Every structure is written in structure tokens, then in C-alpha cells.
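Working notes, structure below.
Here, each number is a calculation from the coordinates, and none is a lab measurement. None of these values were measured; they are calculated from a predicted model. Neighbour counts run over all protein chains shown; Cβ positions are idealised from the backbone, glycine included.
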Amino acid sequence: MASPAGNVYIPLGGDNSIAIVDAATNSVLGKITGIPNVHGLAGTPDGLYLIAGRNDERPVGAPAPTKPAAVSADEHTAHHAKTSNKSASKSMVTSSLSVIRLKDRALIQRIDVPGAVHHVAVGPQGRYAIVTHPTQDAVSLVDLMTYDVTATIPTGPLPNYAVFSPDGKNVYVSNAGNNTVSDVDVAKTIVLRNVLVGGSPEHLVLSRDGKRLFVNNIDDGTVSAVDIKLGKVSSTFSVGSTLHGIDLSDDEKTLFVASLGDDKIASIDLESGKMRTVKLGPTPYHLANIRGTGKIYISSADKPMAWVLDQASLKVVGEIAIGGKGHQMVHVIGN
């Protein structure tokens, strides 16, 4: 059972598991195991499920994954015996998403997708997930009611991260291979426009009103602030080297950025543009605002742990032994 502050779920990649951390106490409560090579992770808006992406791939026709414990043998065979959509059938490789029910931490479904999954996002209505396939230069739109891939959409080389607009009608995708962010129409499953940002854009965070998108450019060491209505960069912040995790404070007045290349965390006041930094290492990696607590969690690319930082002081107030390399973290309140 989660505390009032909720739990933070941290995918551990090669450990084939997801660490569960109490957001109030920063204590590790356990792990969800048997989730292969999990990197991308997102929660449904109702707080009932996690959608976990597998960051490797196998040739089409290779043996299917072991059936989830909560799925009958007949259901598993029927699911893997069919090709769930035309787009997926064109790929020569396949990977999977895992659907995890949080009340009992059960793996209830695996969904075949056409390529390794880097990051995952779930729309505000909970109907669709979007997953990025860097090896396929595309993203897949997944129907979470039918467990089918409804479309695989080319966006650009090396799509990395994705976020939904507040109304769920658009998805913004960073393309690290051509320095753009694609604006995807979810209903039409097409790219409406591409916005030129900085060098090798990766992680993204969108303001709650959907008006401002913040983009980490790892080659430039900059953050691009994109005006969504105008479809162009409105301001740029120079932060450091090889940027990675990024998130907004609860009031969205402060932007937090992990600078992996020079072992620091930046806190940017978005009204004044002033930036504070604190040294943190080795290699600060994924970053998440833990809503309602005044804390951020930052994983390390080189150590099996995460730091807990106080947002106001930028002081380390805790360290968490998570047992692996932490990737796309999800904070769920209520489950």
C-alpha cells in the first residue's frame, strides 16, 4: 500500500525489474520482477497501471516471451499468434510493452511492438500510449483498451522521448538524429510539423497548460524552450554538458536539469532566467520531480542508486540504493 505521498517506480534495465520507492520516506519497498530490459515507463492517469517498454528487440518470428503469470495459456497463445496491426508487420524486428496492474503488481499483458522501446508516454485520457523506437526512426501508438498497435508513425532519425498535449490530441517527439521535435496528430497519425531545436534533442517536459515545451539538447548542453503555438524556440538556456533528465517544479516556475557530462544539477528560474547549479556525481542521469514533497530524485548512470535533492536548497537529503541503473521514473499517488 502506498503512503499518502505515493510511490516512485524506477525501471532498472538489465536487472529486469522495477524498484518501488516510498515517496515520503525514500525507502525501497521492493521490486516488480520479470520485466525484461525495462527502460521506458509510464503510468496511466488513474494510477492503476504501469506501461513498461523493453529496450531490446528480436527478429520477427523468434520465440515469443514467456507468458505473464496473470494471463492464461490460451490467451497468451492467441495474442502472440496474430499480427496486431499492419504497421508492425512491416518491421523485421519486434519488442514488447508490459502492462502491470499496480494493486497486486501483476503482469497482465504483453503487447508486441515493432522495435526496441526507449521511452513511453500515456495520454491524459489513458486510452493511448506512445512509444519511441530509435532503431526504426518511428513511434508507435498503442491502444490500451485493445492492446493493439494502431499505427507506427515515422518521425525522424533516432526518436528519443515523447509527451502528450494536455488534451491528448498531439504528441511531441524529440528526434535526436536531426535536431527536431515532431508534432504528431494522434487522430490522423501523421506529423503535422517539425520544430528545429538544438543538437541531439532527447528528454522533454511540457507545461501543464501545453504552451511551453522544454527540450534537453545533449550535444549543445542547452535547453530549448519551445512556444507550442508559434512552433519555434522562444528562448535557450546554456546548462552544461551531455544533458539528460529534465522536469518542472510543482508550480512550474523552476526547471531542473541533470547535466551528466559535468556532474551537476541545474535549477533554472523560468521568470528571471537565473540558474543555480550544484555538483552531484557520478553521472546524474534520469530526473523526476516528486510531486507534493519538495524533492527531486536523480538516478546515476554509473552507480545503482538515486539521490534525493531538496528543491529549494539543492542539498542532498538522502540516497536510495535501488539495485540497478535507474531509467524513466514514474511517481504514482494513491497506489
Review point. How big, in percent, is the set of alpha carbon pairs in the chain lying more than 39 Å apart?
Key: 8 percent
Review point. Near the amide H of His203, under 5 Å away, which other amide H atoms are found, from residues 5 or more places off or on another chain, if H is placed in the peptide plane?
Key: Asn216
Review point. Pick from Asp302, Asp247, Asp209: which is most flexible by mean-square fluctuation in a GNM of the chain where alpha carbon atoms under 10 Å apart are linked?
Key: Asp209
Check your understanding: Can you run phi through the Karplus equation (6.51, -1.76, 1.60; θ = phi - 60°) for the stretch 274-288 and list ³J(HN,Hα) in whole Hz, with x for Gly and Pro?
Key -> 6, 10, 10, 9, 9, 6, 7, x, x, 6, x, 10, 6, 9, 8
Exercise for review: Please report Rg over Rh for the stretch 104-185, where both radii come from the alpha carbon positions and Rh follows the Kirkwood definition.
Suggested key: 0.97
Exercise for review: Sticking to Cα atoms, compute the Rg of the stretch 179-335 to one decimal and its Dmax as the biggest Cα-Cα distance, whole number, in Å.
Suggested key: 15.5, 46
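Taking 27 Å as the cut-off for C-alpha to C-alpha distance, list the pairs among Lys274/Lys303; Lys232/Lys279; Lys169/Lys325; Lys274/Lys315; Lys169/Lys232 that go past it.
Over 27 Å Cα-Cα: Lys274/Lys303; Lys232/Lys279; Lys169/Lys325.
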Revision key, fill the gap. Sparse-neighbourhood loop hits (chymotrypsin sites (Phe, Trp or Tyr not before Pro), the stretch 203-279; DSSP loop; Cβ within 10 Å at most 10 others) -> none
Study note, to complete from the structure: If amide H atoms are modeled at 1.01 Å from N in the peptide plane, then the residues at a separation of 5 or more from Ser91, or on another chain, having amide H under 5 Å from its own are none
Practice item. Please sort by residue number the trypsin sites (Lys or Arg not before Pro) in the stretch 114-193 whose DSSP state is loop and whose Cβ has at most 11 other Cβ atoms within 10 Å. Key: Lys188
Exercise for review: Report the residue, chosen from Val181, Val278, Val113, that carries the largest GNM mean-square fluctuation when the chain is represented by alpha-carbon nodes joined by springs under 10 Å.
Suggested key: Val278
Practice item. Rank Gly323, Gly61, Gly126 by mean-square fluctuation in a GNM of the chain with C-alpha springs under 10 angstrom and give only the top-ranked residue. Key: Gly61
Review point. What number, rounded to the nearest 500 deg cm²/dmol, is the helix-based mean residue ellipticity at 222 nm of the chain, given -39500 (n - 2.57) per DSSP H run of at least four residues and division by all its residues?
Key: -1000 deg cm²/dmol
Review point. Taking the DSSP beta bridges in the stretch 190-298 as the whole, what percent of them are antiparallel, to the nearest 5?
Key: 100 percent
Review point. What is the extension gain from Ala24 to Leu192, computed as 0.36 nm multiplied by their sequence separation minus the C-alpha to C-alpha distance, in nm to one decimal?
Key: 56.3 nm
Practice item. List every residue whose amide H lies under 5 Å from the amide H of Gly318, counting only residues 5 or more places away in sequence or on a different chain, with H placed 1.01 Å from N in the peptide plane. Key: Val308
Study note, to complete from the structure: For the stretch 183-189, Karplus-derived ³J(HN,Hα) couplings (6.51, -1.76, 1.60; θ = phi - 60°; whole Hz; x for glycine and proline) come out as 9, 9, 7, 5, 5, 8, 6
